[in-house]
Amino acid sequence: MAREEMRFLTHKEWNYFKKFGYVLIESGLESSQVLLDAQKSFKKILAQAESGEYPYFRVYDDYLSKVVNIAGIEMPFHSDILDKRMAALLNSSSLITGVKDIVGEGRLKLDLSRYHTTREDFGHIGNWHRDADVGNSMYLQVSMFLFDEQGLELMPMSHIEKDKVVEEKIKQRSSDRIEGSIYPKCKAGNILFFDPAILHRGICNSFRGNIHFRFSLDNNYEHLEFKNIVEFNQDWIDVLSNKNSIIVSPRLKKYVQPTGVLYFLKKSLKTFVHYVFFFLPYNFFLFRKLHVHPNLKLRKFFYKDV
């Protein structure tokens, strides 16, 4: 679409996105009642997942704990967890309009949706990765933040070309900082648009909760009947009623907690290393050997690397 037809992003924000591969904007909902209501909705959803009532979630770092260390809650539009409070937030956000400002006018499909969350007592360090190859980005990724957080590390302009040194670190599954990376300070209500080819990872030393999407233009749009129980607006109905949108994946699986003596011993060892060696470099050999990371809640009192 012509840039003079921007409806949500400004021209400056759009140009920033094209140059750096991401842009963080205000939705206008910061400190609003609709946001406060959505926060309550998310906390209820998280409680449903932690109790096992909603079993569709993922765990990246499994440590000894009374409550499972959930990193992602799958399928936010699943009827078991969706309510009017979260729908009201999305309706009010102009998020779909912002997506079209970037990808262009046309029918959209939803390729992925998930809640990202982190518990404050453990923190989280993800692996550096891209969600699309450089020069082959067919999607747009979007995160709307439900709480203040600084939980994503990005490498600006890495969606344009690759750096050999950096790419080697990725292959080695290095957890080290990469020179030039940034941590956007995201306020509750902010929206982050980013190119899936940009180099990024989740890294957070405090509680977080955001709703994450991947969109693309769909030349094979097909409308299906949609039961609009929670009162989505027309922008969202158009996306959610698309036959090609992934609302509830047919491959969706319940999380099953591994059991057994050997697994318990390994889990105990990982938890010990996680807490005791928090002050050591991210690439400490035990971290790499056991696929564990230092405790960021403790680490932040001694280092400024996160």
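The values are calculated or read from the model by the stated rules, or taken from the named source; none is laboratory data. The model shown is predicted, which means the values in this text are computed figures rather than measured ones. So basically every Cβ, Gly included, is an ideal-geometry build from the backbone, and we count neighbours across all protein chains shown. For the accessible areas, the whole protein counts, side chains as well, though only heavy atoms, and no ligand, DNA or RNA atoms are used. Shrake-Rupley method; radii C 1.70, N 1.55, O 1.52, S 1.80 Å.
Observations
- G189 vs. criteria over 13 Å from the mean Cα position of the chain (by Cα), in a loop (DSSP other than H, G, I, E, B) and closer than 27 Å to K297 by Cα: yes
- Within region 236-267, the residues that satisfy the criterion of being among the hydroxyl-bearing types (S, T, Y) and surrounded by 12 or more Cβ atoms within 10 Å (Cβ to Cβ) are S241, S245, S249, Y255, Y263.
- Region 125-176 - residue that is in contact with a strand residue (DSSP E or B) (Cβ under 8 Å, 6 or more places away or on another chain), polar (S, T, N, Q) and open to solvent by 50 Å² or more (accessible area, probe 1.4 Å) and, of those, nearest to G28 (Cα to Cα): Q150
- The listed residue being among the small types (G, A, S) and at pLDDT 95 or above, out of G98, G106, G126: G98
- Residue list for region 196-210, filter: assigned to a loop (DSSP other than H, G, I, E, B) and crowded, with 24+ Cβ neighbours inside 10 Å: L199
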